[in-house]
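Visitor: If you scroll down you'll find the structure; I have some questions about it.
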Amino acid sequence: MSTAGVDHLTGATVADAPPPCRECVWWQTRPGRDPVEKRRWIEAAEDEFGPWGKVYRDGGRVIGLVQYGPADAFPRAHAMPAGPPSRDAAIITCAYLIEAGSPWTLQSLILAAIGECRDRGLHALEAYAYRYGPTRPSRSASSATEPSSRRTSYAISASTRADQLAESS
């Protein structure tokens with residue numbers, strides 16, 4: 001029997017993450033600066049915020065990941081064309097699916113992120129749209145992507161359900 005479910009993304013579970021996500025520090029690095037060391041960033045993020053994402057496992061195999069946390073933990077977000085994130089918001093910086101044919105995985109991860117942010121007393125969860133260029137991005141921390149000029153914010157409260165999310169741009 002296969003077990004499936006959502007687990008925290010932490011320093012203890014990052015080794016199980018999809019290969020491109022294990023060492024990526026694009027969101028954690030300020031534009032024009034040298035990349036930060038992932039292990040040091042993880043320690044600081046966990047001290048300040050706790051788990052900084054979610055992984056979805058199916059039969060022990062990770063099939064999806066979402067990374068999120070307080071905006072200050074992701075300096076790149078402050079340089080996005082859509083403007084800096086709201087001060088009282090957490091931000092989703094990336095989502096990764098191993099199999100494109102399982103969109104329910106992403107939905108489960110986003111709902112888990114919303115619930116955790118709500119439980120921590122955060123008032124909003126924001127995400128930046130990102131569009132791939134003509135070729136898929138490389139697996140390095142460098143960017144082969146093109147930023148969108150749109151930011152989406154979802155207001156969350158203790159009574160928020162997935163079908164009640166209020167989108168604002």
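The values are calculated or read from the model by the stated rules, or taken from the named source; none is laboratory data. Please read these numbers as outputs of a predicted model, since none were measured by experiment. A quick note on method: Cβ atoms are made from the backbone with ideal geometry, for glycine too, and the neighbour counts reach across all protein chains shown.
Visitor: Examine segment 82-93 for a residue that is buried (at least 16 other Cβ atoms within 10 Å of the Cβ), of a type outside the set (Lys, Arg) and either assigned to a helix (DSSP H, G or I) or modelled with pLDDT under 80 (or both), and state whether such a residue exists.
Guide: No, there is no match, as no residue in segment 82-93 is buried (at least 16 other Cβ atoms within 10 Å of the Cβ), of a type outside the set (Lys, Arg) and either assigned to a helix (DSSP H, G or I) or modelled with pLDDT under 80 (or both).
Visitor: Answer yes or no as to whether residue 64 is surrounded by 14 or more Cβ atoms within 10 Å (Cβ to Cβ) and outside any helix (DSSP H, G or I). Quick ask: steps written out before the conclusion?
Guide: Numbers: surrounded by 14 or more Cβ atoms within 10 Å (Cβ to Cβ): yes; outside any helix (DSSP H, G or I): yes.
Against the criterion (surrounded by 14 or more Cβ atoms within 10 Å (Cβ to Cβ) and outside any helix (DSSP H, G or I)), residue 64 qualifies.
Visitor: Does segment 36-61 hold any residues that are of a type in the set (Lys, Arg), surrounded by fewer than 19 Cβ atoms within 10 Å (Cβ to Cβ) and either assigned to a strand (DSSP E or B) or touching a residue at least 60 places away in the same chain (Cβ under 8 Å) (or both), and which are they? Break it down stepwise before answering.
Guide: Looking only at segment 36-61, we keep the residues that are of a type in the set (Lys, Arg), and these are 38-40, 54, 57, 61.
In the following step, the residues that additionally are surrounded by fewer than 19 Cβ atoms within 10 Å (Cβ to Cβ) were identified as 38-40, 57, 61.
57, 61 - these are the residues of segment 36-61 that are of a type in the set (Lys, Arg), surrounded by fewer than 19 Cβ atoms within 10 Å (Cβ to Cβ) and either assigned to a strand (DSSP E or B) or touching a residue at least 60 places away in the same chain (Cβ under 8 Å) (or both).
Visitor: Now for a separate question. Exactly one condition in (1) part of a loop (DSSP other than H, G, I, E, B); (2) within 14 Å of the chain's Cα centre (by Cα); (3) surrounded by fewer than 16 Cβ atoms within 10 Å (Cβ to Cβ); (4) not hydroxyl-bearing (Ser, Thr, Tyr) is false for residue 32; which is it?
Guide: Only one criterion is unmet by residue 32, namely (2).
Visitor: Residue 75 fails exactly one of the following numbered conditions: (1) at pLDDT 90 or above; (2) within 18 Å of residue 9 (Cβ to Cβ). What is the number of that condition?
Guide: Of everything listed in (1) at pLDDT 90 or above; (2) within 18 Å of residue 9 (Cβ to Cβ), residue 75 misses just condition (2).
Visitor: So residue 24 clears everything in (1) more than 15 Å from residue 128 (Cβ to Cβ); (2) part of a loop (DSSP other than H, G, I, E, B); (3) more than 14 Å from the chain's Cα centre (by Cα) except one condition, right? Which one?
Guide: (3)
Visitor: List the pairs whose first member sits in segment 70-96 and is under 20 Å from residue 21 (Cα atoms), whose second member is surrounded by fewer than 21 Cβ atoms within 10 Å (Cβ to Cβ) and among the β-branched types (Val, Ile, Thr), and whose Cβ atoms are under 7 Å apart, counting only residues at least 6 apart or on separate chains?
Guide: Taking only residues 6 or more apart or on different chains, the pairs are 75/29; 76/29.
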